[in-house]
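Quick notes on the structure that follows.
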Amino acid sequence: MLKILGALFSVLCVIVLIAGVGLLYGYYHYARDLPDYRQLAKYDPPTVTRVHAGDGRLLAEFSLEKRVYVPIQAIPQRVINAFLAAEDKNFYNHPGVDFRSVARAIITNIINIGRGRRPVGASTITQQVAKNFLLTNEVSVERKIKEAILAFRIEQAFSKHRILELYLNEIFLGFRSYGVAAAALNYFNKSLDSLSVAEAAYLAALPKGPNNYHPVRKHDAAVIRRNWVIGRLVKEGYITAEEAQLATAEPLEVVRRDPTEVAEADYFAEEVRRELVRLYGEEKLYQGGLSVRTTLDPRLQNAADTALRQGLIDYDRRHGWRGPVAKLKLETAEWTSQLAEVAAPKGALAPWRLAVVLGVGGGGAQIGLADGGEGVLPMTELAWARPPLEGQKVGPAPKSPGEVLEVGDVVMVEPVAKGPKGQDYPAGSYGLRQIPAINGAIVAIDPHTGRVLAMAGGFSFKASVFNRATQAARQPGSAFKPLVYLAALEQGLTPSTIVLDAPFVADQGAGRGKWKPGNYTKRFYGPTPMRIGIEKSRNLMTIRLAQTIGMDMVAETAERMEVVDYLPRQLSMSLGAGETTLLRLTTAYAMLVNGGHRIKPTLIDRVQDGQGRSVFRHDERDCLACQADLWLDQPVPELPDERERIADPASAYQIVSMLQGVVERGTGVRIKAVGKPLGGKTGTTNDSLDTWFVGFSPDLAVGVFAGFDEPRTLGPKETGSSVAAPIFRDFMAAALKDQPAIPFRIPAGIRLVRVNQDTGRLAKPGDRKVVLEAFKPGSEPSGAQVVIDGGYNPWTGNSSGSEGGPALTGDSGLY
């Protein structure tokens with residue numbers, strides 16, 4: 001018997017020895033190529049970069065993975081308990097692998113063989129950390145062994161709190177959410193400490209498979225899984241039965257972010273993204289967790305979007321109806337299914353809906369909507385839909401709905417309550433809509449700092465991401481003229497200087513013919529004060545001014561004001577033939593109204609890295625007094641003005657005053673309706689290809705551009721005054737609403753003198769057209785007047801121009 005026991009013991013020892021050797025070999029085999037788990041000590045997860053508007057509202061997020069990293073100390077115990085109950089109840093007691101859970105899972109899976117049930121797992125939170133950070137998602141015995149070995153090593157190197165912190169910030173929970181903080185925001189629009197028991201339980205239900213428990217597509221399964229987690233919380237003693245009952249009864253609902261918490265400015269946000277890539281690179285932008293505070297004013301941005309879109313729609317409606325989106329064959333009554341298959345055009349505004357024409361009658365058209373509802377397009381809402389003709393002309397106004405629409409036409413409509421003349425419509429009335437073929441841009445700048453407060457680069461970002469405020473180089477036309485006048489004023493001319501408005505002909509060189517520019521009106525007005533020349537946008541006066549002072553002077557001014565990098569020394573450039581962007585030209589106007597100080601336009605106020613350190617500030621001035629902890633009625637800190645002076649302040653104010661006259665009496669007179677001190681200038685290029693209005697109030701500079709992306713005429717009589725100026729007017733009316741009328745600031749040394757508007761001489765008693773003109777000391781009108789005719793330079797006594805003669809080239813008709 002003893003021999004038998006001895007033999008059995010020997011066999012057992014051999015088996016144990018073989019098993020031990022096998023385990024040691026297995027450990028050596030699988031452990032030798034494992035990743036270095038110590039890298040977790042320096043783990044810096046890719047986190048989302050958040051971009052905020054000036055008022056703190058979220059503007060955009062840039063990331064590869066939507067993750068918000070939260071230290072374990074800031075994660076509420078309620079959330080921690082939910083994940084421990086659902087994923088690893090023995091987390092604080094096992095060494096990395098829960099052997100009891102492994103044994104239970106093996107037995108359960110053996111029992112379930114042949115029953116078609118899903119295998120039960122036993123991975124601990126530590127093992128999941130090993131898999132998520134250091135291994136792949138490969139399903140194999142080899143990976144599970146490596147996972148277990150790493151789990152043991154991780155437990156020896158890191159505290160339980162650190163392991164849990166890594167897990168809760170790394171785990172993928174669906175809805176593009178990595179980590180519990182991002183999931184709380186994306187599912188419930190809440191911070192972690194605001195989650196209810198039911199909401200925390202739902203998040204803890206997701207690690208096993210977010211798609212299996214989608215709160216909308218698989219709502220019932222999601223509720224069952226959430227309630228299972230709630231039951232686990234009770235069993236582990238984390239909550240009471242009463243709390244569980246309340247949590248189970250709570251509905252599972254996804255809460256999207258409140259629109260008031262998010263600023264909408266797609267073109268602005270994309271421009272910020274491009275700037276951040278330029279500054280820090282794509283990796284830092286999408287993984288660095290930057291916090292960016294922008295210059296955006298959401299109120300002004302909303303006004304800019306509204307004004308631009310309405311202005312483009314108004315122009316588009318003046319030029320006719322281009323036809324339906326699609327046509328359906330209504331052979332059956334199932335028009336709703338046919339309509340549902342039609343995709344809405346890119347760029348359709350939110351209130352617009354697709355509808356199909358079901359019938360056409362004398363009073364309007366009957367339409368059907370995708371939801372099965374029906375409505376009416378009154379004839380008054382079709383009156384604008386004239387047939388388009390070549391050259392942006394239109395045919396006669398329609399007299400019946402049948403001239404515009406046919407049965408089966410799919411069109412875009414918008415609910416309307418009132419007609420064009422304010423008449424009430426019955427319920428179910430709609431207006432006909434179409435996406436404008438024209439496009440444009442608007443930008444608003446703080447003229448004192450260069451902060452871009454609003455920017456819209458087109459009618460719809462979804463239809464086109466091309467930013468016409470920053471990327472479109474177009475001819476500004478007469479919107480360039482203030483720079484010519486500024487150069488002349490800086491050379492000693494005055495707003496009352498007389499310039500000849502008469503025919504101008506110049507030889508352009510062999511084989512190039514004669515250059516014969518003209519005024520928009522095709523008329524000549526004789527000797528005229530400079531003020532009227534800019535107010536009425538007289539081309540011939542501008543050319544003579546440029547010829548008199550020399551194109552070198554004009555080009556130097558344009559380059560100094562950074563409208564262009566280089567301006568050819570050609571007279572046609574004085575009429576705005578050189579290309580620039582809306583942002584650059586608006587910045588130049590801002591530097592006029594701020595008294596001639598250089599500013600750099602910026603969309604970003606401050607950038608902080610993932611640790612909260614400021615790595616960029618637009619305003620680099622130091623202000624120690626601004627860091628006071630308490631307000632004790634101390635004086636407001638005064639910062640030094642370090643801006644470079646790039647224009648004579650007196651000359652700049654003279655231009656501002658003249659541009660105010662453009663609004664009061666000139667080509668921008670329709671803007672006068674705003675009722676506040678405003679100045680600005682229209683711009684229209686030859687054949688009405690581009691239209692502009694750039695202007696300002698004392699504290700806001702705004703530029704508007706409108707034109708086709710592939711340049712073609714905007715049509716007869718369409719100018720900056722009719723297309724761009726109404727957009728500027730509507731924006732300024734909204735931007736300055738309920739604000740006091742602030743006059744333009746007058747610099748020291750300016751003298752205001754009453755002058756006859758038509759003659760430029762000192763006003764006499766009884767003169768009707770009198771303006772209060774701005775003069776530098778000693779330049780007030782005296783007796784005799786010199787007429788600038790472009791052929792004689794009063795400073796040199798010689799024929800003027802560039803290098804002894806006028807530099808001439810093409811492009812006539814820039815108004």
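The values are calculated or read from the model by the stated rules, or taken from the named source; none is laboratory data. The structure presented is a predicted model; accordingly, all values stated were derived computationally and were not measured. Glycine also receives a Cβ, built like all others from the backbone with ideal geometry; neighbour counts cover every protein chain displayed. Quick note on the areas: whole protein, heavy atoms, side chains included, nothing else; ligands and nucleic acids left out. Shrake-Rupley method; radii C 1.70, N 1.55, O 1.52, S 1.80 Å.
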Here the residues within the range 192-213 that are open to solvent by 10 Å² or more (accessible area, probe 1.4 Å) and either touching a Ser or Thr at 6+ places or on another chain (Cβ under 7 Å) or at pLDDT 90 or above (or both) are LEU192, ASP193, SER194, SER196, VAL197, GLU199, PRO207, PRO210, ASN211, ASN212, TYR213
Output for Cβ contacts, cut-off 6 Å, separation at least six or different chains, first residue part of a strand (DSSP E or B) in the range 659-685, second open to solvent by 10 Å² or more (accessible area, probe 1.4 Å), reads GLY679/GLN660; THR682/THR667; THR682/SER721; THR684/THR719; THR684/TYR815
Over the range 370-412, the set of residues buried (at least 17 other Cβ atoms within 10 Å of the Cβ), in contact (Cβ under 8 Å) with a residue 40 or more places away in the chain and not in a strand (DSSP E or B) is THR380, GLU381, LEU382, TRP384, ALA385, ARG386, GLN392, PRO401, VAL404, LEU405, GLY408
Of those in the range 290-299 that are touching a Ser or Thr at 6+ places or on another chain (Cβ under 8 Å) and surrounded by 21 or more Cβ atoms within 10 Å (Cβ to Cβ), the residue nearest to THR49 (Cα to Cα) is LEU290
Notebook entry, point to check: Are any of the residues in the range 607-619 on the phi < 0 side of the Ramachandran plot, in a strand (DSSP E or B) and open to solvent by less than 50 Å² (accessible area, probe 1.4 Å)?
Noted result: yes
Picking from GLY749, GLY707, GLY703, GLY720, the residue that is at pLDDT below 95 and small (Gly, Ala, Ser) would be GLY749
So, first residue open to solvent by 100 Å² or more (accessible area, probe 1.4 Å) in the range 510-521, second residue outside any loop (DSSP other than H, G, I, E, B), Cβ within less than 8 Å, six or more apart or across chains; the pairs are LYS514/ALA506; LYS514/ASP507; TYR520/ASN539; TYR520/THR684
**Item:** Residue check for ALA265: modelled with pLDDT of 95 or more, more than 18 Å from PHE616 (Cα to Cα) and open to solvent by less than 50 Å² (accessible area, probe 1.4 Å)
**Value:** yes
Residues in the range 733-767 that are in a loop (DSSP other than H, G, I, E, B), under 28 Å from GLY596 (Cβ atoms) and of a type in the set (A, V, I, L, M, F, W, C) total 7
Being of a type in the set (Ser, Thr, Tyr) and under 17 Å from THR586 (Cβ atoms) narrows THR691, THR667 down to just THR691
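Residues are listed down the side, and each one gets a yes or a no for (1) without any contact (Cβ under 8 Å) to a residue 24 or more places away in the chain; (2) over 32 Å from the mean Cα position of the chain (by Cα):
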residue	(1), (2)
ALA182	no, no
LEU192	no, no
ALA204	no, yes
HIS214	no, no
ARG225	yes, yes
The correct count of residues that are β-branched (Val, Ile, Thr) and either exposed (fewer than 11 other Cβ atoms within 10 Å of the Cβ) or over 44 Å from the mean Cα position of the chain (by Cα) (or both) in the range 227-262 is 4
Scanning the range 654-683 residue by residue, those open to solvent by 30 Å² or more (accessible area, probe 1.4 Å) and closer than 13 Å to ASN594 by Cα turn out to be none
Flagged in the range 343-360 as open to solvent by 30 Å² or more (accessible area, probe 1.4 Å) and assigned to a loop (DSSP other than H, G, I, E, B), in numbering order, are ALA343, ALA344, PRO345, LYS346, ALA348, LEU349, ALA350, PRO351
Restricting the range 620-638 to residues that are closer than 30 Å to LEU279 by Cα and hydrophobic (A, V, I, L, M, F, W, C), the one least open to solvent (accessible area, probe 1.4 Å) turns out to be CYS623
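For ARG544, are the conditions met, namely being in contact (Cβ under 8 Å) with a residue 40 or more places away in the chain and of a type in the set (Lys, Arg)?
On the way: in contact (Cβ under 8 Å) with a residue 40 or more places away in the chain: yes; of a type in the set (Lys, Arg): yes.
Here the answer is yes, as ARG544 does meet what is asked.
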Across the range 406-430, the tally of residues that are farther than 26 Å from LYS329 by Cβ and not charged (D, E, K, R) stands at 11
Among helices (runs of 4 or more DSSP H) entirely inside the range 191-290, those with 1 or more residues being touching a Phe, Trp or Tyr at 6+ places or on another chain (Cβ under 8 Å) and not aromatic (Phe, Trp, Tyr) are 197-204, 219-235, 266-287
Scanning the range 525-559 residue by residue, those more than 42 Å from the chain's Cα centre (by Cα), closer than 17 Å to ILE655 by Cα and in a loop (DSSP other than H, G, I, E, B) turn out to be none
Of PHE524, PHE459, the only residue that is out of contact with any Ser or Thr (no Cβ under 7 Å at 6 or more places or on another chain), surrounded by fewer than 16 Cβ atoms within 10 Å (Cβ to Cβ) and aromatic (Phe, Trp, Tyr) is PHE524
Margin query: Can you say whether ARG643 is under 29 Å from the mean Cα position of the chain (by Cα), surrounded by fewer than 24 Cβ atoms within 10 Å (Cβ to Cβ), free of Cβ contacts under 8 Å to residues at least 24 places away in the same chain and farther than 16 Å from ALA479 by Cβ, as far as the supplied structure shows?
Written below: no
Residue in the range 740-757 that is open to solvent by less than 40 Å² (accessible area, probe 1.4 Å), more than 21 Å from ILE655 (Cβ to Cβ), free of Cβ contacts under 8 Å to residues at least 40 places away in the same chain and out of contact with any Phe, Trp or Tyr (no Cβ under 8 Å at 6 or more places or on another chain) present: no
Output for Cβ contacts, cut-off 8 Å, separation at least six or different chains, first residue farther than 14 Å from ALA60 by Cα and at pLDDT 95 or above in the range 274-289, second outside any helix (DSSP H, G or I) and of a type in the set (Lys, Arg), reads none
